[in-house]
Structures are given as C-alpha cells and as structure tokens.
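Have a look at the structure below, then the notes.
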C-alpha cells in the first residue's frame, strides 16, 4: 500500500532543494587549515586535477625506488614517466602563472627527482658521504621550490612550503631506508603517510590558487 505521506514528503524536499544556492551540494575540505566550504565545479576540477598529478608523483616515485633498488629492466622507462609527471605538474600551473613559470616549476621538480635517483643509488651502495652531500642538495632544491612558489602566490608562505617539502623528503627517505633493510611493513607505513601528505600538499596548492584568482572560479 502506498504511503500517504510520500507525496507531501517529496514536495517538501523539492522545495528545500529549489532554495539551495547552485553548487551547495558539493562540499570539501581544501587543505588542512580550511573550513568546509561550497566549491564551484571549476574548483572541484582543479582540486581533482592537482590531486591526480601529485598522487601520480607519489606512485611513480615509489615505482622508481623499487625498480632502482632491485635493478629491474624497467628502470629507464619508469624514470622517463616520472620526469614527465613533473612537466605535467608544471603545465597545470601555467593557466595561472604563465608558460615561463610553469616550465620553471617543472625544471625544479625534475631536479628534485634526479637528486632522489642519485640518493637511491648512493643508499644502495652504502655511500654515506655521497648521501649526506646529496641530501643537502635535495633540501636546497626544496628551498628553491618553496622560494619560487611563495614568490608566485602570497597565500603560500615560504616557511609553510619549506616545512611541507621537507616532510615530503623525509617520508620518501623513510621508504628508501625501509626497503634497503627489507622492512616491508615499515615501507608500507611510510608510503601511506607519504601519499596522505602529498594529497594535503595538492590541496594546499588548490587553496592558494583559488584565493589568488577568485575570478577564475
């Protein structure tokens, strides 16, 4: 038997939804420090695109570490794909900061990856002196990235970016060390933290872009 209250309930729901502003049903946290807010379709698209690119960064970096440490035959191809990801990230910034800035970011990120590759090789060889020097270069590159991005967007503070990037480096280092020690559980735990942190990083970039260019969203 049909519920006699159903037509009235449906009518009430239709009235409620008709009074809601456009986009009110789409809500998400952007970054770790923001409150829940209504996102426009363009904001959702940007957030999704940047998360995809940075998760790809995490995945292909992980695959490269595995391949390089085990000296697998796919190492060259995986590195090429990983380096392409850095250009893809730079390209995603071009609509907001221009061609030159996007390519500069890609260049800095490629340096980040190439240094990571050298660190993996030094760690595999047990060369502590090279690891120490390369780690210093790696953190210098992180400073360069933080300086470049903080100069492009006032919503990205240098110290915040520096801390975020240093954490990124440490979590990747933890994975490398764990794999060398055959600590598979530790490797998995480090990667889980690494992936979660990189999503927060992507969201911080989304938040900064939206704040700087509200007219585009």
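In table form, for the structure just shown:
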quantity	calculated
Test: residue 122 is in contact with a helix residue (DSSP H, G or I) (Cβ under 6 Å, 6 or more places away or on another chain) and either buried (at least 16 other Cβ atoms within 10 Å of the Cβ) or at pLDDT 95 or above (or both)	yes
Residue list for the range 176-198, filter: over 17 Å from the mean Cα position of the chain (by Cα) and in a helix (DSSP H, G or I)	176, 177, 178, 179, 180, 184, 185, 186, 187, 188, 189
Qualifying position, being touching a residue at least 60 places away in the same chain (Cβ under 8 Å) and under 21 Å from residue 86 (Cα atoms), among 172, 134	172
Some residue of the range 114-131 being part of a loop (DSSP other than H, G, I, E, B) and more than 23 Å from residue 56 (Cα to Cα)	yes
Helices (runs of 4 or more DSSP H) enclosed by the range 1-102 - at least 3 residues per element that are modelled with pLDDT under 95 and out of contact with any helix residue (DSSP H, G or I) (no Cβ under 9 Å at 6 or more places or on another chain)	6-19
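The values are calculated or read from the model by the stated rules, or taken from the named source; none is laboratory data. Everything numeric in this text was worked out from a predicted model, so none of it was measured. Note: ideal-geometry Cβ built from the backbone for every residue, glycine included; neighbour counts use all protein chains shown.
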